[in-house]
Each structure stands twice: as C-alpha cells, then as structure tokens.
Amino acid sequence: MLKFFEQEGRFPRHVGELPKAAVDYVAGQVKVEPALLAEYDWSGRSIERHRAQMREALGFRESTRADEDVLAEWLADKICPMVFTEEGLRAALLSRCRTLKIEPPGRVERIVGKSDPGRLGLETLLEEIVKLRRAKALGLAADLGSW
C-alpha cells in the first residue's frame, strides 16, 4: 500500500488494485505467501492505523471538507478552461493533491463533477464566457485537435 500511495497518490480501494508482481515481490521480501494478502481487512481499525502511519511517513494529511471546496474551486477556475475531459480533470486533481501533500478526498468524482458548468443560467453563461476569453487569450492554434 505504501508503494501504491507513493506512485498513484492515493490508497488502493481493494486488493485487486495492487499489481500481482508487486505483491509477489513484497511477499518474497518479508518471506510470507502472497495469498495471505487476501486475508487483510480492508476496513476497520488496522487499515486506518496503517494508512495514518503511511501518511505520516510520507508527510501527507487527510483531506477535509474545506479542502474539497478549495480543490473544486481551483479545478473550475484554473483547470476547466484548459482541460476538457473528465479523466484529465481527475488527473489534475490528483496531481494537485500530491503537490499539496493531501490524501485525495474519497469524493473525487463529486469534485470533478462539480467542475461542470451545470445548468445554463445567466450567471453560468457569463462565467463560461470568461473561461472562453481566457482560452482565446492563450493564442493557441485552432487546429490543435482533440486532447
């Protein structure tokens, strides 16, 4: 889980997310059978304690509701005008969390979804016009293609 967090910037949600080769390697290092990982309790006090130890070792902290709001605002203001795919938004959000040394919130999908302009109204329309003006100000060629 520690190496997964270092590489992915988040904890795995279940054992299936861990690469078999990595599990086999670590099991060999600590001289246990890789199959024992299936017995690990992915909920409860033990995993919470282990996650806390890993966050501390890596200098990260858990995210808060306030962090979620700040991340959503950052995503909408700084990233949405330039990134148009949900996967791109998700990657930018995870990268930002890593930079800030915050464990990504469990509600990443909600934050990425919040960055959508939403139902069209006058205020939303005006916000989108500002985003378009920012994009035009970059002076990018019209034939850049899709991302």
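Results, tabulated for the structure shown:
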quantity: Region 7-32 residues that are more than 25 Å from GLU103 (Cβ to Cβ), paired with ones that are aliphatic (A, V, I, L, M) and modelled with pLDDT of 90 or more (beta carbon under 7 Å, 6 or more apart); calculated: none
quantity: Cβ-Cβ under 6 Å pairs, at least 6 apart or on other chains, region 69-90 side among the basic types (Lys, Arg), far side buried (at least 17 other Cβ atoms within 10 Å of the Cβ); calculated: ARG90/VAL112
quantity: Some residue of region 30-52 being charged (D, E, K, R), more than 14 Å from the chain's Cα centre (by Cα), surrounded by 13 or more Cβ atoms within 10 Å (Cβ to Cβ) and outside the structural domain of GLU6 (by TED's automatic domain parsing); calculated: no
quantity: Which numbered condition ARG90 fails, given (1) assigned to a helix (DSSP H, G or I); (2) touching a helix residue (DSSP H, G or I) at 6+ places or on another chain (Cβ under 8 Å); (3) more than 30 Å from ALA137 (Cα to Cα); calculated: (3)
quantity: Residue within region 13-24 that is within 25 Å of LYS114 (Cβ to Cβ) and among the β-branched types (Val, Ile, Thr) present; calculated: no
quantity: Within region 113-125, tally of residues that are assigned to a helix (DSSP H, G or I) and either among the charged types (D, E, K, R) or modelled with pLDDT of 80 or more (or both); calculated: 2
quantity: Helices (runs of 4 or more DSSP H) wholly inside region 1-77 containing at least 3 residues that are more than 30 Å from ALA135 (Cβ to Cβ); calculated: 2-8, 20-30, 45-58
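The values are calculated or read from the model by the stated rules, or taken from the named source; none is laboratory data. Remember, it's a predicted structure, so these values are computed and weren't measured experimentally. Cβ sites come from the backbone with ideal geometry, for glycine too, and all protein chains shown count toward neighbours.
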